[in-house]
Amino acid sequence: MGWLRRLGERLAGRFSGPGALAAPAALPLFWPALLPRNLLVLAIRHDTSTKANDGKGAYDDKAVLLWVDKHGQKHCTTYDTCTGPGSKMLDEGYGEAIGGDDKKDLGRLPAGSYTYHMRHSTGRMIGGFFKRGPFDNEGTHEILGAPDKAKWQAEYDIDHDGDFDEKVRGKDGQEILWHMGREDDPRSAGCQTMAPDDWRRFLHDLDLDEYQSINYTLVQEDSAKGNVVYSPPKDEPVLV
């Protein structure tokens, strides 16, 4: 938690309550970018095997939302998040055949910056991804999805060993969503998910109407160097 406290304090002062940071009186170079009601989301990914938690994955990443409420008060709130897939989702038919052997492979969103739009899923299929009923299994019927016609890449675990060290990228990154998971089961085939309480708090803090957007930056924790600013690896990923 120390690294998150340092990050939060650098951006927005000290903790003032559960999951919340009180903003300082002045951050003249930063806060104007959030007005009016622009939303910035940062997630820090801690690499976890897709086989963790019996293949369900884990909420062991951290998301930070920088936002301004209707009164102009500045906030920095935090949420336990899962930014990668759980291997058991392969058993449910999720994934894409990327590795050339006709077996489905799990993907995740590469570190980078993205724009997501609020979507309401009731009565529709989002990006061809959810084909078997409500995506979140809990009933909020709200997701964050890629903009229409977006074409993003995903990075894939093609040898099914639980990590993504192959540096293989392929199609359909735009099908990676933000949505709610279950209490001890992220229900992620690559999506960014939160447990129900965090997800509802996240939606409340976002306070978005359909098709309003957020700016999202995902960074990769470098465990070998400690918690340092992310810089992309020098090795170029293999495109398939």
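What follows draws every value from the coordinates through simple rules; no lab data is involved. Just so it is clear, the model here is predicted, and its values are computed rather than measured. All Cβ positions, glycine included, derive from the backbone under ideal geometry; neighbour counts span all protein chains shown.
Numerical summary
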read-out	value
Residues of the stretch 78-101 with amide N under 17 Å of the 7 Å Cα→Cβ point at residue 197	78-82
Local net charge near residue 176, Cβ-Cβ under 12 Å (Lys/Arg +1, Asp/Glu -1)	-2
Inter-probe distance in nm under a simple model that places probes 7 Å from Cα toward Cβ, at residue 160 and residue 70	5.1 nm
Cβ-Cβ FRET estimate between residue 207 and residue 183, R0 fixed at 30 Å, reported to 0.05	0.80
Mean projected area (nm²) of the alpha-carbon convex hull when the stretch 178-222 is viewed from all directions	4.2 nm²
Restraint check, 51/104; 103/167; 104/171; 62/151; 103/149; 51/149, Cα-Cα greater than 22 Å	62/151; 103/149; 51/149
Inter-site label distance for residue 148 and residue 80 at 7 Å from Cα along Cβ, in nm	3.8 nm
